[in-house]
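A short write-up of the structure that comes next.
The values are calculated or read from the model by the stated rules, or taken from the named source; none is laboratory data. Keep in mind it's a predicted model, so treat the numbers as computed, not measured. Cβ: placed from backbone, ideal geometry, glycine included. Neighbour counts: every protein chain shown.
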Amino acid sequence: MHKILLLIVIFLQISISTYSQKPQKLSSNQIYEKIQKLNFLGTALYVAAHPDDENTRLIAYLANNVKARTGYLSLTRGDGGQNLIGPEIRELLGVIRTQELLAARSIDGGEQLFTRANDFGYSKHPDETLKIWNKEAVLSDVVWAIRTFKPDVIINRFNHRTPGTTHGHHTSSAILSVEAFDKVGDENQFPEQLKYTDTWQPKRLFFNTSSWFYRNQEDFEKATKGKLTSFDVGAYYPLKGLSNNELASMASSQHLCQGFGRVTTRGSQNEYVEFLKGDKPKDQNDIFSGINTTWNRLENGGEIGDILYEVEEKFDFVNPSKHLPMLLKAYQKIQKLEDNHWRKIKKEQILEIIEGCAGLYLEASAVSSSATPGATIEVNLEVLNRSNSNIELVSIISTIDNKKVTKNIDLEGNRKVNFNETITIKTNQFSDPYWLKNEASLGMYTVNNQLLIGKPETPRPLQIKFNLLIDSVPVTIIKNVVRRYSERDKGEIYEPFEILPKVTTKLKDKVIIFSDNAPQKVLVEVRAGENNVTGKVRLKVPNNWEVTPKEINFTIQQKSDKQTVVFLVSPPKNQSEGKLEVIATSNGKNFTKELVEINYNHIPKQSVLLNSEAKIVRLNIDKVGSNIGYIAGAGDAIPDNLRQIGCRVDEINPIEINAENLQKYDAIVLGIRAYNVVKELKFKQKHLLAYVKNGGNMIVQYNTNRGVDVAPPFPLQLSRDRVTDEFAEVRILDKNHQLLNFPNKITEEDFKGWVQERGLYFPSSWDANFTPILSMNDKGEAPKNGSLLIAKYGKGNYIYTGLSFFRELPAGVSGAYKLFANMLSVGK
C-alpha cells in the first residue's frame, strides 16, 4: 500500500546515535522525559581538560532538571594518566577513558566532545601546556566545538585568571574557552571551518566556582560577592526514583580506570557559577534567563510547540502510542524548519520518541563482530511493532554498499519479523579510533578530516536504514549493525561491529632488551581476519642488526585463528637501539598493524590498530639480584620488563604473603600505587618489613599521598611534589653510593631519553636513616631530593622511589633499566 506516496517522498535519513551497543528500550517515563527535552530549546557547554574534570552534578542538573542540551568538551582524552584497572597506558588508556566518558554521559544525560590535544602528562603552567599542545590548533578545535554545538551558555570548570596554581591543562582549558568566546562569531577567525558550519555567538560565559578554588569559605565569599548565580543541584526526579546527585555519582563512577567508583549521595547541594562575559542573566538562579528556550525561538516553531506542549501536558503513561498522530504531525513540520542546526537536533529527538511510543524494535545483528574490506557478511534483521499503529516496513538500505531491499511488510501488532541479508563491505577504511590512524606529536593528535575533529569516536562503519511508513508518514530510522550473542556464564552480549585488516601481527614484547651479544628468539603472532589466509611475514631491523630467516610462510584456515612464527635476532656488539617492524604480505598486499582488543565490562569492546613494532635495545647491563617477587599495584608492565633483562619474576598474591614465602627472593618490588589500591597490604606490612630486617631488599614505587600509609621502617612524608619535565637536569647527590655504582655505573647520561616526566609524588621529608640519591626540579622551582631514597633496615635495604619507572621501562629507556637493576642488586 501507499506505493504512489512512496514515489514522491524522500525518506528522512537520520541516525539515532547511542554510546552503548545495547539498544534502548524506553519506558513511558523515559519517553516523557525525552518529550520534555524536546520542548526545551537551550544548549549549555561545559569545558575542562580531562576525563573526570567534569562536574557531573552540574551536567546532570542542566540535562535532567533544566532539560537543556548539555555537552562536555574535554580538551584531552586523558592519555597521560595512570590506569587502575589494567596495563593500558598512553593512547590505549585514552581509548578507555573516552569510553568511560561516554558511559558517564549516558547516565547524566550529556553529550561528549573533544579536541585533538594529546594529554602529555602533568604540566605546572599553561605556558608550557599551550606550547606543547600548539595553542592555535587547540583553540581552533574549541572554536569548532562551539560553532557546531552552538551553546547559548558556556561554563568553564577552571579559572583562567590563576595560571600556575593548578594543572596547566586545567587553566589552559579555561584560557582557550575565554578566548574562543570572543572569536567564534568572527568570520575572519578560522574561516576554513565555515565550509562546514556557521559562526556562532554564545550569550554568556561562566566559571563554575566554589570555595575549593580559594583558601577558605571567607575568601570565596569575599571574592565572589554579587557575582554568582547559584542553584540547588540536589533535585529529586520522581520519574527516575533518583536524585540529581545520585545520577552524578553514578556517572562519575564510570571513570573506573581512575579509581572514581563512589557511593551515591542525596539531598540539597548548591552549585555556583560566576558570570564572566556576555549578557548577564537577570535571574540569579537561571543561567538561561533572558534566552528564549521555547519553540518560538525558531521561525514557524510556534506551531510545532503548540502540538508538542499539548503532548507533554496530556501524556498518557499507560498508552503512549495514542500520541503518535500528533508526534508525526510535529515531525513533518520539523522537517520544514529553515534552521539547519535545530532541524537536525529535533529530528533526532522526535524520531527517538516516535520509535518509543510505537513500541518499535529494530535490530541488525551480524554473525560476526568483524569483517575485512571486500568481504560479504550475513546480517540478521529483526523488526517488531508492539503497538496498534499502522506501520509498514517498506525497505532497508545498508549504508556501506547502498544495497536496497524492498520489503513492503505490514507489521502486525507484536508479531516479530526476522530475515537475513548479505552485505558487501565496500570500503578500504578500518573502523579503529580515527585519532590514532596517523602519527601524533607529543602534544597533538593528527586528524586531517575537519568533520571528524571533536567526535568522541569513529562513526560506526555499517548501518541499516529502516524505511518505514507510520500512519502513512514516511520515516527512516538508522541502526548500527552490532553482534548479539549469548554465553552461558554471561548471558546476552552486544559487541560493536568492526572492519579490520585481513592480517594483523603481534610481537610478544614491545621492548626487547639484549643484555649481551647473544641472539634472541623473537615471536610474532599472525592473526587472520578471514578464513583461508596465506602469506609471508618478515622483520625489518636497523642496519647493524641481523635477523634469520629472512621471511616465514604462514597459512591460517579459520578467521580469528593465530599462528606463531619465530625469528632469531642478533644484536650488534656495542650498545645500540632502534625499531623492529613486522611486515606481513598476503596476495601482494602488505599488512603492518597489530590488533589490540580492549574488553572491560563497563565499556563496549574496543578494537585498536597500532603499528606492529617494538623497540630493540642492545644494552650493556649487569645484575646480581635476579629472583624477584612482585606485588602488583594499579597496573603496570614492569614484571615483563624485568624478565626482558633475565630476571625471574613471580607475581605474588598479597593474601599469600607470610614470613616464610618471602625469603626465597633477592628483592621484593611493589607496583605503582600498591598501598593505594591493595587493601591487604596493611595487614602484611609486618611480614614485608621483617623480610627487609632479615636481609631482604624491598623496593616501593610511588603512591599518591591522599589517605595512604606506606608504613615505612622510618618516617617519611609523601607529597604531591613531582618533576614533569622529562628533560630536567638530574643531579647525583652521592656519586660514591653503592646504588649508583653496583653492578652498573650510573651517571647523568643515564637520564637522557626519559619520557613524559621524571617522577611524581615524591616524599617531601624523611627520617635521617634515609639517604637521598638524586636531586631534580622543574624550571623555576626549588630542588626536590625525594625521588629516590634508600635506608638500611636491619640487615636489608628499603628503597622508596617516585621515579616513573612504570613509563620508562616499557619505553625501553636504557638508563632506567640500569638503575632498576642496581636497585634489585643493592647489598648483594
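For segment 42-56, name all the residues that are surrounded by 23 or more Cβ atoms within 10 Å (Cβ to Cβ) and not small (G, A, S). Reasoning before the result, please.
From segment 42-56, those surrounded by 23 or more Cβ atoms within 10 Å (Cβ to Cβ) are 43-51, 54, 56; that's our starting set.
Of everything in segment 42-56, those that are surrounded by 23 or more Cβ atoms within 10 Å (Cβ to Cβ) and not small (G, A, S) turn out to be T43, L45, Y46, V47, H50, P51, E54, T56.
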Item to check | Boolean, Y214 is modelled with pLDDT under 95 and of a type in the set (S, T, Y) | outcome: yes
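Can you tell me which of G529, G491 is assigned by TED's automatic domain parsing to the domain that holds I354 and either within 24 Å of Y600 (Cα to Cα) or touching a Lys or Arg at 6+ places or on another chain (Cβ under 9 Å) (or both)? Step through it out loud before you land on a result.
On the way: G529 fails: assigned by TED's automatic domain parsing to the domain that holds I354.
Criteria check complete, one pass: G491.
Can you give me the ranges of the strands (runs of 3 or more DSSP E) entirely in segment 566-646 with at least 1 residues that are surrounded by fewer than 16 Cβ atoms within 10 Å (Cβ to Cβ)?
In segment 566-646, the matching strands (runs of 3 or more DSSP E) lie at 576-586, 589-591, 593-598, 606-611, 627-631.
Take R673 and decide whether it is closer than 30 Å to I132 by Cβ, assigned by TED's automatic domain parsing to the domain that holds F820 and within 38 Å of the chain's Cα centre (by Cα). Walk me through it before giving the result.
Details: closer than 30 Å to I132 by Cβ: yes; assigned by TED's automatic domain parsing to the domain that holds F820: yes; within 38 Å of the chain's Cα centre (by Cα): yes.
In short, yes.
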Next on the checklist: Please count how many residues of segment 158-210 are in contact with a Phe, Trp or Tyr (Cβ under 8 Å, 6 or more places away or on another chain), over 25 Å from R57 (Cα atoms) and among the aliphatic types (A, V, I, L, M).
Outcome noted: 1
Checklist entry - Where residues in segment 415-455 are aromatic (F, W, Y) and closer than 25 Å to K605 by Cα, which of them is surrounded by the fewest Cβ atoms within 10 Å (Cβ to Cβ)? => result Y434
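Taking only segment 440-488 into account, find how many residues are at positive phi and in the same structural domain as K333 (by TED's automatic domain parsing).
Here is the first cut: in segment 440-488, the residues at positive phi are 454, 471-472.
Then drop every residue that is not in the same structural domain as K333 (by TED's automatic domain parsing), which leaves 471-472.
The qualifying residues number 2.
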Checklist entry - Given the conditions (1) closer than 30 Å to S560 by Cβ; (2) surrounded by 14 or more Cβ atoms within 10 Å (Cβ to Cβ), and given that F315 satisfies all but one, which numbered condition is not satisfied? => result (1)
Item to check | When residues of segment 154-190 are limited to those that are of a type in the set (G, A, S) and surrounded by 18 or more Cβ atoms within 10 Å (Cβ to Cβ), the one farthest from F275 (Cα to Cα) | outcome: G168
Item to check | The lone exception for K22 - which of (1) closer than 30 Å to H167 by Cα; (2) modelled with pLDDT under 95 it fails | outcome: (1)
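Of the residues E392, E299, E355, E378, which is at pLDDT 95 or above, more than 30 Å from L500 (Cα to Cα) and in a strand (DSSP E or B)? Walk me through it before giving the result.
Details: E299 fails: in a strand (DSSP E or B); E355 fails: in a strand (DSSP E or B); E378 fails: more than 30 Å from L500 (Cα to Cα).
Of E392, E299, E355, E378, the one residue that is at pLDDT 95 or above, more than 30 Å from L500 (Cα to Cα) and in a strand (DSSP E or B) is E392.
Residues in segment 333-347 that are part of a helix (DSSP H, G or I) and either β-branched (V, I, T) or surrounded by 14 or more Cβ atoms within 10 Å (Cβ to Cβ) (or both): how many?
Qualifying residue count, segment 333-347: 8.
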Checklist entry - Just one of the numbered conditions (1) out of contact with any Ser or Thr (no Cβ under 8 Å at 6 or more places or on another chain); (2) in the same structural domain as T224 (by TED's automatic domain parsing); (3) surrounded by 18 or more Cβ atoms within 10 Å (Cβ to Cβ) is not true of I350; which one? => result (2)
Checklist entry - Looking at (1) in contact (Cβ under 8 Å) with a residue 24 or more places away in the chain; (2) touching a helix residue (DSSP H, G or I) at 6+ places or on another chain (Cβ under 7 Å); (3) within 30 Å of T148 (Cα to Cα), can you tell me which one K329 breaks? => result (1)
Next on the checklist: Suppose we keep only residues that are of a type outside the set (F, W, Y) and in contact with a Lys or Arg (Cβ under 7 Å, 6 or more places away or on another chain) within segment 110-136. Which one would you say is farthest from Y445 (Cα to Cα)?
Outcome noted: E111
Next on the checklist: Looking at (1) over 19 Å from the mean Cα position of the chain (by Cα); (2) more than 19 Å from N156 (Cα to Cα); (3) of a type outside the set (G, A, S), which one does V66 not meet, given that it meets all the others?
Outcome noted: (2)
Checklist entry - What is the one condition in (1) at pLDDT 95 or above; (2) surrounded by 14 or more Cβ atoms within 10 Å (Cβ to Cβ); (3) within 25 Å of A821 (Cα to Cα) that G695 does not satisfy? => result (2)
Checklist outcome for this item: Only one of (1) within 27 Å of F120 (Cα to Cα); (2) at pLDDT below 95 does not apply to K828, and that is (1)
Checklist entry - Name the residues in segment 78-99 that are out of contact with any Gly (no Cβ under 7 Å at 6 or more places or on another chain), surrounded by 23 or more Cβ atoms within 10 Å (Cβ to Cβ) and among the charged types (D, E, K, R), would you? => result none
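I'd like the residue in segment 543-556 that is touching a strand residue (DSSP E or B) at 6+ places or on another chain (Cβ under 8 Å) and surrounded by fewer than 14 Cβ atoms within 10 Å (Cβ to Cβ) and, out of all such residues, is farthest from P519 (Cα to Cα). Explain how you work it out, then say what you get.
First, the residues of segment 543-556 that are touching a strand residue (DSSP E or B) at 6+ places or on another chain (Cβ under 8 Å): 544-556.
Pick out the ones that are also surrounded by fewer than 14 Cβ atoms within 10 Å (Cβ to Cβ) and you get 544, 546, 548-550, 553, 555.
On the way: N544: 13, E546: 9, T548: 10, P549: 13, K550: 15, N553: 22, T555: 27 Å.
Residue satisfying both the conditions and the ranking: T555.
Out of all the residues in segment 546-554, is one or more more than 31 Å from the chain's Cα centre (by Cα), among the polar types (S, T, N, Q) and within 30 Å of P373 (Cα to Cα)? Quick ask: steps written out before the conclusion?
Restricting attention to segment 546-554, the residues satisfying the condition of being more than 31 Å from the chain's Cα centre (by Cα) are 546-554.
From the residues that got through so far, the ones that are among the polar types (S, T, N, Q) too are 548, 553.
Now restrict to residues that are within 30 Å of P373 (Cα to Cα): 553.
The answer is yes; a qualifying residue exists.
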Checklist outcome for this item: Reported set for segment 57-77 where residues are crowded, with 24+ Cβ neighbours inside 10 Å and assigned to a loop (DSSP other than H, G, I, E, B) is A68, L75, T76, R77
Checklist outcome for this item: Picked from segment 647-670 (must be part of a helix (DSSP H, G or I) and touching a residue at least 12 places away in the same chain (Cβ under 8 Å)), the residue surrounded by the most Cβ atoms within 10 Å (Cβ to Cβ) is P654
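If you check Q254, Q284, which single one turns out to be surrounded by 14 or more Cβ atoms within 10 Å (Cβ to Cβ), touching a residue at least 40 places away in the same chain (Cβ under 8 Å), in contact with a His (Cβ under 7 Å, 6 or more places away or on another chain) and assigned by TED's automatic domain parsing to the domain that holds V153?
None of the other options fit; the residue is Q254.
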Next on the checklist: When you check E299 against the structure, is it farther than 27 Å from K426 by Cα, acidic (D, E) and touching a residue at least 24 places away in the same chain (Cβ under 8 Å), yes or no?
Outcome noted: yes
Checklist outcome for this item: Selection from segment 399-436 of residues touching a residue at least 60 places away in the same chain (Cβ under 8 Å) and closer than 30 Å to G78 by Cα yields Q429, F430, S431, D432, P433, W435, L436
Checklist entry - Using beta carbons and a limit of 7 Å, which pairs, at least six apart or on different chains, have the first residue in segment 184-196 and in contact (Cβ under 8 Å) with a residue 24 or more places away in the chain and the second one assigned to a loop (DSSP other than H, G, I, E, B) and of a type outside the set (K, R)? => result V184/T199; V184/W200; V184/Q201; Q193/Q450; Y196/Q450; Y196/L451
Checklist outcome for this item: Checked segment 257-276 for anything in a strand (DSSP E or B), crowded, with 16+ Cβ neighbours inside 10 Å and either outside the structural domain of Y46 (by TED's automatic domain parsing) or not β-branched (V, I, T) (or both); matches are E271, Y272, E274, F275, L276
